[in-house]
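FYI, it's all coordinate maths here, none of it is from the lab. Note that the coordinates shown come from a computational prediction; the quantities given were computed from them, not determined experimentally. Reconstructed Cβ throughout: ideal geometry from the backbone, glycine too, with neighbour counts over all protein chains shown.
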Amino acid sequence: MKTEVAIVGAGPAGLLLAHLLARAGVSSIVVESRSREYVAARIRAGILEHSSVELLTEAGLGDRLHAEGDEHRGVYLQWPGARHHLDFVDLAGRSVWVYGQTEVQKDLVAARTAEVVYEVSDTALHDVTTDRPYVTYTDRDGRPGRVDARVVAGCDGSFGPSHASVPGEEFARAYPYSWLGVLADVAPSTDELIYAWHPDGFALHSMRSATVSRLYLQVPNGTDPGQWSDQRIWDALAARLGHGQDGWRLKPGPITEKSVLPMRSHVRTSMRHGSLFLAGDAAHIVPPTGAKGLNLAIADVVLLSRALVALLREHDTRLADSYSDDALRRVWRATHFSWWMTSMLHTSGDPFDAQLQLSQLRWVTSSRAGATGLAENYAGLDLAH
Ligand code: DHB
C-alpha cells in the first residue's frame, strides 16, 4: 500500500492524527497490533483540558463530548480535617471536562476517517532516515504487508516498536508506589474530583458519568489486586477520602473493574528522527496524577498534523524541523506538573516529607498565587504554547 503518512498505532494519538490529516487532504494508513475491540475497551484517565476540548470540538469530534461530558470548574484538595475547592475558572479562566479516554476513542472510531489495519504483528519500521520510509507487518491471516509513505508517525505507545528507531536520550523516573484503580456502578459521592492526602496513602475520587464512579488508592508496588476485596477497597476509600468528615459520605456500590497502575515518568529526546515522528506515549509517559497523558498526546498530534500538512502540501520544513523542540516544551511542563502533584500527594513513609506535603497543600489552598499555579497547569496549558 502507498500513502503519505504511515501511522503506527490506532489509539487516540494515531486516530486523531489520521483524522486531522484527512481534514487537510493528507492521506494516511494506520496499523495496529491489537483488535479494534481491545483498543476501544482500554480504560484510561477521564479528564480533558480546556484546550483538548477546543481542539476536539474544532475537529468535528465534540458532539457527544458536549452532550454527555461533564464540565467541571475545579477540584477539591484535602487532607484529614480539611477540604478546599480550587476554582480553575476563577483562577485561570478555564474549566476541564470529565469525558473518558474510552469515549474519545469511540468518537474517533465512529468518525471513520482513519483507514486502519487491525491485529497486525511483527511491525517494523524501515529507511526512516530517507524520504521513502516504509512499515512492514504480518496481517491477521499471516500474510506479509507493507505501507510505503513519505513520513512515519509512531503513535504506538511505550511498548510499540517506533521509539526504538529514534536515537537520543531517555529521561526516566520510577515511583515507589502504584495506584489501585476501580470502576464502580454508583453515582459519584462528589460534584467535582477529590484529591486526598492521607497518612495511609493518596486517594482520588473521580467519575465517568452520573452513574459511574472512578476511584484510586495509593498501594505499594507489586500489589496484587486480588488481595483487595471490594470491602477492603471501600473501607480504605472511606478512611482516606474522609467519610464522616463534616457530614460528607462516600456511597459504595458494585465494583466492575479493578487493576493496578504503575507510576512512572519517561521522556525521550528527540521526538523526531529523519522521516519518523513520535507522538503521545511513544515519546513520553507521565504518572497519572493530574491526568495529563491523553492531553499531551492530543497536543503532540495538533503540532504534528500542522507540521506534516506544511511539509507534504507546501514543502515547508520549518514546523517539522521545530516539532520535537516545540512538543517537548509542553511535555516537560506537564512532566514537572505530574511529578509535583504526585510528590505532594503520595505518602512516602518519611515523617519529614509528610510535614512538607501538608505545608505545601496549605499554601496551594490558601495563597492565590499557589492556587493559580496549580490551576494553570491542570486546566490551562495553551495548545500553541
Ligand atoms: C482520573 C485520573 C487521574 O489521574 C486524575 O488525575 C484525575 C482523574 C480519572 O481516571 O478519572
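Using Cβ point charges alone (K and R +1, D and E -1), the dipole size of region 174-263 about the Cα centre works out to roughly 40 debye. Along region 74-85 the Karplus relation, 6.51 cos²θ - 1.76 cosθ + 1.60 evaluated at θ = phi - 60°, assigns HN-Hα couplings of x, 9, 9, 10, 8, 8, x, x, 9, 9, 10, 9 Hz to successive residues, with x for each Gly and Pro.
Each of 105, 14, 238 was placed along the dipole of the chain (beta-carbon charges, centred on the mean Cα), and the one lying farthest toward the positive end is 238.
Taking a Cβ cut-off of under 15 Å around residue 72, the surrounding Lys, Arg, Asp and Glu residues balance to a net charge of -4, with basic ones at +1 and acidic ones at -1.
In nm², what is the average projected area of the convex hull enclosing the Cα atoms of region 174-263?
Working: hull surface 22.5 nm².
Orientation-averaged projected area of the Cα hull: 5.6 nm².
Once divided by 2.2 N^0.38 Å, the Cα radius of gyration of the chain becomes 1.00. Using R₀ = 41 Å, calculate the FRET efficiency as 1/(1 + (r/R₀)^6) where r is the Cβ-Cβ separation of residue 367 and residue 63; round to 0.05. FRET efficiency, residue 367 to residue 63: 0.55. Can you give the alpha-carbon Rg of region 220-290 over 2.2 N^0.38 Å, where N counts its residues? Normalised by 2.2 N^0.38 Å, the Cα Rg of region 220-290 equals 1.70.
For region 98-132 and region 251-309, compute the distance between their C-alpha centroids and round to whole Å. Cα centres, region 98-132 to region 251-309: 14 Å. Note on region 9-56 and region 145-171: Cα centroid distance 16 Å, given to the nearest whole angstrom. Relative to the current alpha-carbon distance between residue 111 and residue 129, full extension at 0.36 nm per residue lengthens the span by 3.2 nm. Hydrophobic long helices, here whole DSSP H runs in the chain with Kyte-Doolittle means of at least 0.0 and Cα atoms spread over 18 Å or more along the helix axis, are found at 293-314. Which residues in region 98-123 have a backbone N closer than 15 Å to a point placed 7 Å from the Cα of residue 136 along the Cα-to-Cβ line? Residues 121-123 fall inside that zone. Using only side-chain charges placed at the Cβ, +1 for Lys and Arg and -1 for Asp and Glu, the dipole size of the chain relative to its Cα centre rounds to 180 debye.
Working from label points 7 Å from Cα in the Cα-to-Cβ sense, the residue 350 to residue 325 distance is 3.6 nm. Which of 223, 253, 161 sits farthest toward the positive end of the charge dipole of the chain, with +1 on the Cβ of Lys and Arg and -1 on the Cβ of Asp and Glu? Among 223, 253, 161, the one farthest towards the positive end of the dipole of the chain is 223. Separation of region 316-361 and region 70-84, taken as the distance between their Cα centroids, equals 20 angstrom.
Which one of 240, 313, 208 has the biggest mean-square fluctuation once the chain is modelled by GNM with Cα springs under 10 Å? Answer for the Gaussian network model of the chain: 313.
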